[in-house]
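The values are calculated or read from the model by the stated rules, or taken from the named source; none is laboratory data. In this text the structure is predicted, and so the values were computed from the model without any measurement. No Cβ is skipped: glycine too gets one built from the backbone with ideal geometry, and neighbour counts run over all protein chains shown. Heavy atoms of the whole protein, side chains included, go into the accessibility calculation; ligands, DNA and RNA do not. Shrake-Rupley method; radii C 1.70, N 1.55, O 1.52, S 1.80 Å.
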Amino acid sequence: MWDGTLTRARLTIRGAVQGVGFRPGVFRLAKELGLAGWVNNSCEGVFVELEGSHLQVQTFILRIEKEKPPCSFIQSFETSWLDPVGYRDFVIRQSDPSGPKTALVLPDIAICPECAREIFDPNNRRYLYPFTNCTNCGPRFSIIEALPYDRSQTSMHRFTMCDQCRAEYEDPLDRRFHAQPNACPICGPHLELWDLKGQALTRHHNVIVDATRGIEHGLIVAVKGLGGFHLMVDARNDEAIVRLRKLKCREEKPFAVMCPSLEAVLTECIVSELEQRLLCSAEAPIVLLRRNPSAANGRSNIGPSIAPRNPYLGVMLPYTPLHHLLLRQLRFPVVATSGNLADEPICTDEHEALDLLGGIADLFLVHNRPIVRHVDDSVVQVAAGREMVLRRARGYAPLPVALKNSSEPTLAVGGHIKNTVALSVGRQVFISQHIGDLESAPALTAFHRVIKDFEGLYEAPPARIAADLHPDYLSTKYAQQRGLTVVNVQHHYAHVLSCMAENELDAPILGVSWDGTGYGLDGTIWGGEFLKINNGGFERVAHFRSFPLPGGNAAVREPRRSAVGLLYEILGDRLFSMRSELLPLQAFTEPELLTIRAMLKQRVNCPRTSSVGRLFDAVAAIVGLRQRTGFEGQAAMELEFMLDPVEAENAYGVQLNSTPGFPAEADWHSMVEGILADVKSGCPGGQISTRFHNALVEAIILVAQHEEEERVVLSGGCFQNRFLLERAVRRLREEDIRPYWHQRIPPNDGGISLGQIVAAARTKA
Ligand code: ZN
Ligand code: ZN
Ligand code: FE
């Protein structure tokens with residue numbers, strides 16, 4: 001399917017791919033597929049650039065892994081889609097010895113096929129051994145204490161290799177030559193199954209057998225894995241899942257599942273080739289997959305409480321030998337959710353786990369290989385035909401993103417929710433693993449620990465710090481205490497810069513930055529922003545019409561508040577006489593409404609916002625979908641899930657009002673009137689949702705045309721919404737405008753730290 005548009009992709013392939021005929025293989029496949037570009041080696045890995053149609057490039061990505069030379073192994077495979085530059089032919093370039101010399105810490109790598117074979121081979125000395133690894137696979141980032149990467153500087157230093165392991169380690173022809181975490185049942189770490197008091201019930205392989213029995217009987221088992229603990233229960237047992245939800249204080253946020261095999265995934269979900277590649281990749285992330293509707297008719301092994309009212313399921317395959325052994329024994333999917341309380345950081349130590357998870361888990365499956373740093377499971381989806389990382393952690397962190405120019409060492413402390421930090425060294429930006437919401441004391445401790453860890457690991461004391469503009473964010477306060485120059489970066493500007501950086505784009509460009517909340521330059525809450533990025537900074541060229549949020553932050557968990565604020569903005573006090581026809585008003589008691597009415601009238605505790613996230617909330621409440629939410633973004637997600645694509649071309653009206661000297665205003669007035677009329681006439685919610693999504697996209701087209709911009713960057717948490725992203729991409733292309741969006745860096749606040757680094761580099765010191 002050649003749609004006439006040329007695209008370029010850069011592949012960075014790390015692992016045992018050098019010197020094993022990998023480059024000739026790349027060359028042959030590229031030639032066969034008619035792709036132009038080049039391939040070369042550097043100390044960092046093999047770099048490939050391909051130019052051709054999207055389908056040609058996609059075919060290359062899917063085939064190179066299957067057709068790679070037998071001795072090669074891919075530990076990390078990163079794709080960046082970029083603008084074409086006009087290559088004419090495909091060539092093998094000279095190896096590049098000048099590459100960056102910064103030592104790379106590799107991410108943790110899923111078990112390789114050979115090690116997986118060994119643990120199920122009764123004649124192998126590593127039969128059933130859960131800590132089997134080799135040079136191609138196994139733990140890295142989660143066990144490294146310092147660089148260079150050597151056993152003595154990992155948490156494996158306490159285990160002395162036996163003679164056989166030592167011989168493998170020293171033999172250049174062995175698969176375990178210099179495999180730092182090399183171990184076997186004689187000399188390596190081992191398993192124990194603990195009760196709530198930390199008493200060992202069983203050891204070694206009996207642990208797997210007994211833990212399996214426990215899960216089969218509906219128990220919750222805390223499992224110490226690679227980068228932290230999982231809480232596991234039988235995914236078929238809804239009673240057990242509901243109990244886990246209660247104990248973990250997690251009412252509705254979806255749980256991820258680990259399936260025993262790809263076949264098991266295929267019975268539950270619809271899986272594209274690209275999604276299959278991701279599931280089976282060395283990164284082995286959680287992949288958001290669309291559930292197979294026919295699996296619901298009795299064939300599904302997934303309890304309804306795993307992801308209530310959600311057409312998607314977060315699925316991963318076993319990625320360590322321990323997980324393989326456990327899932328082989330279980331033979332059914334398990335919930336595998338982070339071992340933590342609510343949204344705190346994942347627990348990594350077995351003694352800490354007894355304390356923290358003692359009120360949740362019934363059994364503890366632990367081992368004596370220490371986890372040096374927490375690393376959550378990564379979350380990835382395929383959107384607009386490409387991979388999009390939504391949570392960047394295991395398998396991806398801490399691989400760097402390279403900037404065009406080098407700058408002085410800068411630390412970026414990120415935002416407030418979904419926090420990550422970043423450290424720039426030369427041209428490289430190392431982005432931390434997902435840390436989480438900086439709301440709890442444990443999260444703040446993890447935040448401090450990761451910063452100290454990064455500065456130590458890369459021996460790069462920062463010369464300055466980039467932080468959010470919000471004066472009350474704990475990350476901003478931390479930055480101010482460091483005694484270094486602080487560069488405060490507007491939140492939505494950081495979103496756009498992070499997306500520009502990974503797409504290698506220069507100013508000028510139009511950035512569309514939509515999310516739930518961010519501190520604006522004028523002190524109001526931004527979140528529906530159109531920013532024109534120029535050489536030194538940005539101009540807010542347009543934004544959505546703002547509305548009051550009665551109760552401020554309380555609105556995040558109560559879409560009904562956004563709805564009342566939004567309706568008050570156009571209806572005024574008249575709104576309060578319409579209780580009988582408006583569901584968000586009925587969701588309040590009469591006394592509550594009196595208070596809210598007074599707040600709105602007197603403008604007390606009613607900050608104004610242009611947030612698209614809150615607009616989603618308001619619409620969800622008006623159509624009666626949801627008045628309160630259990631987690632951030634839930635209402636927006638459910639509005640996306642109820643879409644009726646049959647209505648695809650229909651949109652509510654949005655007007656762009658411009659006043660010279662001010663940012664233009666995308667006014668949703670007629671849209672809200674349309675929604676009210678549709679609700680009144682009993683129009684199905686799916687159609688209202690579609691027209692609403694389409695209206696938002698048309699606002700992008702209006703602003704882009706008003707600004708006469710030919711390139712548009714889409715960033716912010718709202719663009720995790722697949723329909724919104726794909727529709728925006730398609731409509732922009734129809735109008736001959738080039739869209740760019742996120743790939744390796746999350747569109748949500750996990751990408752803020754990278755954007756802050758770029759902003760600091762653009763600020764002249
Ligand atoms: Zn291996
Ligand atoms: Zn050994
Ligand atoms: Fe944001």
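Some points to look at:
- Judged by the mean number of other Cβ atoms found within 10 Å, the most tightly packed of the peptides 169-178, 47-56, 130-139 leads the ranking 130-139, 47-56, 169-178.
- Pairwise centroid distance, computed over Cα atoms, of the range 706-765 with the range 344-411, Å: 24
- Centre separation in Å (Cα based) which lies between the range 496-566 and the range 28-95: 37
- Enclosed volume per residue, in Å³, of the convex hull spanned by Cα atoms of the chain: 163
- Gap separating the Cα centres of the range 244-288 and the range 431-490, nearest whole Å: 31
- Structural descriptor for the range 103-189: relative contact order 31 percent, calculated from alpha carbon pairs under 8 angstrom and at least 6 residues apart.
- A 1.4 Å probe run over the chain, with the rest of the protein chains in place, finds 38 Å² accessible per residue.
- Most to least packed among 84-91, 363-370 [average Cβ atoms within 10 Å]: 363-370, 84-91
- Beta bridges per DSSP with both ends in the chain, % antiparallel, nearest 5: 75
- Pairs exceeding 32 Å between alpha-carbon atoms, taken from Lys197/Lys477; Lys477/Lys601; Lys253/Lys477; Lys31/Lys404; Lys68/Lys418; Lys68/Lys248: Lys197/Lys477; Lys477/Lys601; Lys68/Lys418; Lys68/Lys248.
- In the distance distribution for the range 588-645, Cα-Cα pairs more than 17 Å apart total 52 percent.
- Relative contact order [Cα under 8 Å, 6+ residues apart], the chain, whole percent: 11
- Ratio Rg/Rh [Cα only; Rh per Kirkwood] for the range 625-765: 1.00
- Accessible surface of the chain [probe 1.4 Å, protein heavy atoms]: carbon and sulfur percent: 51
- When the P(r) of the range 103-189 is calculated, the portion above 22 Å amounts to 19% of the C-alpha pairs.
- Here the 3J(HN,Hα) profile of the range 52-64, calculated from phi with Karplus coefficients 6.51, -1.76 and 1.60 at θ = phi - 60°, is x, 7, 4, 5, 4, 5, 4, 4, 4, 4, 6, 7, 4 Hz, Gly and Pro shown as x.
- Fraction in percent of alpha-carbon pairs per bin - 10 Å, the range 542-740: 9, 36, 36, 16, 3, 0
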